[in-house]
């Protein structure tokens, strides 16, 4: 089975750990790869830099933090949507603010969804569980191939 | 009605001209009126003089006639005949023959002199009986027959003439002619002129007398021109000649009509001799009578009667003079009118000419008032020229003032823009702060909450495991171990690190706000000493990186010591920190003096900053580039705030991978260190 790999791009290790935990608790069994910034993530996706030996068929789901050093989430989203190979990859933007202009920018660039990181744990878990559900639905057509 | 300047000038000029010319004309007219009157009187006096001479000549002829007759051969023959008893032995002639001869002579004379009415030869011997008498009767000359001859011995003219010496002459008063004691009709004023006749023995024999019709004799006096009349009076003042018949010889009718009754005050005047001219000529104007009068006297001095005279006068109506003077006045008024009209016309034209530049200036001034900038033409050097020049200067001053104002407004706008920029920057800092609170501080909080939840869940799991502790299977043991060894420590670790992060952020914020509040203590500082102190503080780090630090001669500056130390400390710290491991660090610090400012540079050969990141490096908590160094990303914004508070500016030039140069300026206030810019700080 050619399962979807989930990429968590998040500079805050604590957030990445929390997301991973909650995804797993919601029953997601897919492979999860974490990156500290956007550059590492794009290097992985396009097999560049430290990841030249990585091969994959772009069966990816990307959870992308907006605010990161070196390369922010918006830049990554832009790069993915520009590339024909990667433009179909579902991207869920993660943000700590509900700044509407930032959200609008992401939708314009073609993100599939966005999630505001809630301070309250229960809500955060709920949000990530929803992503897990999304991932499961996404997996159906892939299985059929 | 609005009067234009030329019209005003014209009116004023008209008034002035009319006043002047009319005044002049009035005085001219006044004096000319008098002159004209004098002239008229003078002319009248000439007329009187002429008439007097005419009359005097006639009297001379009359005297010659009577003397001629008295000396004639017939007269002498009669004397000799009478003395010879009726016969003249000298000439062998009888008395009757001589009488006949004399009658013929007298008739001839009468025929020639139309004003003579009667010539007689009267003898003394026969009680004054007439010897020969020839007279004019109804325009015919008749010789009176011997029996009609009368005795005249008792008549005044006979008595007076007979008493005269040889060559003496008698002039009678002028009276009306009388026949046998009664006034003859028609009344005829008569003047009798007689001479005495002497015989060979020098004894008086008789007289020759000529009766003259004085009206005819002085007839030229009645031929006066219109508006003038002549008159004559005797020494008593009785009119002898006058246009009005009733006034002539009124004493004959027992009345007194005298010339000085008609012309009052003339009596005194008439008696006042004109000594300068030797004449009794005088004149007087009677406005009430509408008359002017001239008087003269005809004296009989050349006939040996110096006290005897006739008064001769002429009177003219004043309307004659006034008519002339009216003509003059009308002429003057006409001239005045024409002159005034011409003057006014000239003045209006001249005023138009003179006021043209003024009207032009008015037009220009209107346009200037309307906001236009007009070149003011200067045509002349007179007052109007000066006015034009002044107006021109005013316009250019106005222009330059407006330019100044525009420039000032411009610089004011610049200043406003600058200050707005500063305000915007300050505002951005505040917004950054809000972002930090909502994002950066929230981020660790998310973790804390998240992991706290994790721990709670873990503990829940642990509790359920522990509940079943009496029969713990291997699976449970491994779960407990997992919680205790991995899950819980991990969660706690993250909580701790997140909390620490919050603590650091909060203390940084506190520091920033503290810095914002701290009062600067300005003083003269040796920048080199400050830099050396900063380098010493991070000596261990420098040694570790094998960094070489070059410090040039740095100037004295006027600043807050702590602020300057913090600025250099952060910049040097950053420079050392961002040198990639494995590269030998080179840091250079120098200063440049610019106009009124000192600029410090801190150059490193570190990793550099991407050009896109340079604008945000001074932002709060912003960290750019690889996150391989410690820090909260607030150093540069802190530095920037300090530099700004020192009235300076900070900027950065960088090339990615090669190094960065941070520069900051602070005002050079050493020269006037005693008067720092900030009053607040000067109080300390």
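The values are calculated or read from the model by the stated rules, or taken from the named source; none is laboratory data. Small disclaimer: the values here were computed from a predicted structure and weren't measured. Positions of Cβ are backbone-derived with ideal geometry, glycine not excepted, and every protein chain shown enters the neighbour counts.
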Failed condition for residue A:105, given (1) modelled with pLDDT of 75 or more; (2) within 14 Å of chain B (Cβ to nearest Cβ); (3) part of a helix (DSSP H, G or I), with all others met? (2)
Residue A:50: over 26 Å from residue B:497 (Cβ atoms) and surrounded by fewer than 21 Cβ atoms within 10 Å (Cβ to Cβ), yes or no? no
Please determine, by comparing only the residues of the stretch A:41-60 that are at positive phi and in contact with a helix residue (DSSP H, G or I) (Cβ under 8 Å, 6 or more places away or on another chain), which one is nearest to the other protein chains (Cβ to nearest Cβ). A:49
If I ask for residues that are more than 13 Å from the chain's Cα centre (by Cα) and within 14 Å of chain B (Cβ to nearest Cβ), which ones from the stretch A:16-30 would you list? A:17, A:18, A:21, A:22, A:24, A:25, A:26
Of B:316, B:340, B:351, the only residue that is surrounded by 15 or more Cβ atoms within 10 Å (Cβ to Cβ), at pLDDT 85 or above and touching a helix residue (DSSP H, G or I) at 6+ places or on another chain (Cβ under 7 Å) is B:316
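Just the residues that are part of a helix (DSSP H, G or I) and surrounded by fewer than 17 Cβ atoms within 10 Å (Cβ to Cβ), please, taken from the stretch A:17-46.
Within the stretch A:17-46, the first condition is being part of a helix (DSSP H, G or I), and the residues that meet it are A:17-25, A:38-45.
Correct list: A:24, A:25.
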Counting only residues in the stretch B:33-48 that are in contact with a helix residue (DSSP H, G or I) (Cβ under 6 Å, 6 or more places away or on another chain) and at pLDDT 75 or above, the one nearest to residue B:359 (Cα to Cα) is identified as B:36
Subset of the stretch A:1-16 [touching a helix residue (DSSP H, G or I) at 6+ places or on another chain (Cβ under 7 Å) and in a helix (DSSP H, G or I)]: A:14, A:15
Taking the condition under 16 Å from residue A:15 (Cβ atoms), at the interface with chain B (Cβ under 10 Å from one of its Cβ atoms) and either surrounded by fewer than 16 Cβ atoms within 10 Å (Cβ to Cβ) or without any contact (Cβ under 8 Å) to a residue 60 or more places away in the chain (or both), does residue A:93 pass? no
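In the set B:616, B:639, B:602, B:557, which member is within 14 Å of chain A (Cβ to nearest Cβ) and either modelled with pLDDT of 85 or more or more than 25 Å from residue B:520 (Cα to Cα) (or both)?
It is B:616.
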Restricting attention to the stretch B:83-100, which residues are in a helix (DSSP H, G or I) and surrounded by 18 or more Cβ atoms within 10 Å (Cβ to Cβ)? B:95, B:98, B:99
Can you spot a residue in the stretch A:61-82 that is within 14 Å of another protein chain (Cβ to nearest Cβ), part of a loop (DSSP other than H, G, I, E, B) and surrounded by 21 or more Cβ atoms within 10 Å (Cβ to Cβ)? yes
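Can you confirm whether residue B:512 is surrounded by 15 or more Cβ atoms within 10 Å (Cβ to Cβ), at pLDDT below 80 and within 13 Å of another protein chain (Cβ to nearest Cβ)?
Working: surrounded by 15 or more Cβ atoms within 10 Å (Cβ to Cβ): yes; at pLDDT below 80: yes; within 13 Å of another protein chain (Cβ to nearest Cβ): no.
The answer is no for residue B:512.
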For the stretch B:451-484, how many residues are farther than 24 Å from residue A:12 by Cβ and either crowded, with 17+ Cβ neighbours inside 10 Å or more than 14 Å from every other protein chain (Cβ to nearest Cβ) (or both)? 21
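Kindly indicate which of B:546, B:503, B:519 is surrounded by fewer than 13 Cβ atoms within 10 Å (Cβ to Cβ), touching a residue at least 24 places away in the same chain (Cβ under 8 Å) and either touching a strand residue (DSSP E or B) at 6+ places or on another chain (Cβ under 6 Å) or on the phi < 0 side of the Ramachandran plot (or both). Quick ask: steps written out before the conclusion?
Details: B:546 fails: either touching a strand residue (DSSP E or B) at 6+ places or on another chain (Cβ under 6 Å) or on the phi < 0 side of the Ramachandran plot (or both); B:503 fails: touching a residue at least 24 places away in the same chain (Cβ under 8 Å).
One residue alone meets the criteria, B:519.
Regarding the stretch B:424-443, can at least one residue be identified that is modelled with pLDDT of 75 or more, under 18 Å from residue A:16 (Cβ atoms) and within 14 Å of another protein chain (Cβ to nearest Cβ)? Steps first, please.
Our first condition is that a residue be modelled with pLDDT of 75 or more; within the stretch B:424-443, this holds for B:424-426, B:443.
This time we only want the ones that are under 18 Å from residue A:16 (Cβ atoms), so: B:443.
Of the ones still in play, those that are also within 14 Å of another protein chain (Cβ to nearest Cβ) are B:443.
Yes, because at least one residue in the stretch B:424-443 is modelled with pLDDT of 75 or more, under 18 Å from residue A:16 (Cβ atoms) and within 14 Å of another protein chain (Cβ to nearest Cβ).
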